[in-house]
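Here is the structure we will look at.
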Amino acid sequence: MKKKGTVIIVISIVFIVFNIGFDIFTHSTVERVIRTDLFFQGYFVKAFKTEISERAIPDSQYGTMYICRNPAIGPDSYDVDSKYQYFGKLKYWYINPSGTGGG
């Protein structure tokens, strides 16, 4: 019984570490955040083939916007913001849904 409890604890710790690592990896850059969002929207192959770039003219309310070209998939533009996560040391990028539009 003691060995079974130890195995469950080890599996839980490995799962938590994997989950935190995946979260840090997918939110570490603007491009990865957008590609991850596109992947989970169902663009499994196109998410990694599309070209992500900044819009030439920033939005007056949301600032720098990002678009997908070649192929153009997902929303017309993305508003991506950052905050410091995980003890205030790592820059954590996330998609601002109120500034993301079109489709």
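The values are calculated or read from the model by the stated rules, or taken from the named source; none is laboratory data. Being a predicted model, the structure only gives us computed values, none of them experimental. As a convention, Cβ positions derive from the backbone with ideal geometry for all residues, glycine included, and neighbour counts pool all protein chains shown.
Quick rundown of the values:
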{"read-out": "Hey, Ile8 out of contact with any helix residue (DSSP H, G or I) (no Cβ under 6 Å at 6 or more places or on another chain), part of a helix (DSSP H, G or I) and surrounded by 11 or more Cβ atoms within 10 Å (Cβ to Cβ) or not", "value": "no"}
{"read-out": "Odd one out for Asp79, checked against (1) modelled with pLDDT under 90; (2) surrounded by 13 or more Cβ atoms within 10 Å (Cβ to Cβ)", "value": "(1)"}
{"read-out": "Ile16 vs. criteria surrounded by 11 or more Cβ atoms within 10 Å (Cβ to Cβ), assigned to a helix (DSSP H, G or I) and not charged (D, E, K, R)", "value": "no"}
{"read-out": "Filter pass, Phe25 being exposed (fewer than 11 other Cβ atoms within 10 Å of the Cβ), in a helix (DSSP H, G or I) and within 16 Å of the chain's Cα centre (by Cα)", "value": "no"}
{"read-out": "Where a residue in the stretch 4-32 is modelled with pLDDT under 95 and its partner, wherever it lies, is assigned to a helix (DSSP H, G or I) and of a type in the set (Lys, Arg), with Cβ under 6 Å and at least six apart", "value": "Thr26/Arg32"}
{"read-out": "Residues located in the stretch 83-103, provided they are closer than 21 Å to Cys68 by Cβ, without any contact (Cβ under 8 Å) to a residue 40 or more places away in the chain and out of contact with any Pro (no Cβ under 8 Å at 6 or more places or on another chain)", "value": "Asn96, Pro97, Ser98"}
{"read-out": "Identity of the residue in the stretch 31-65, touching a strand residue (DSSP E or B) at 6+ places or on another chain (Cβ under 7 Å) and polar (S, T, N, Q), that ends up surrounded by the most Cβ atoms within 10 Å (Cβ to Cβ)", "value": "Thr50"}
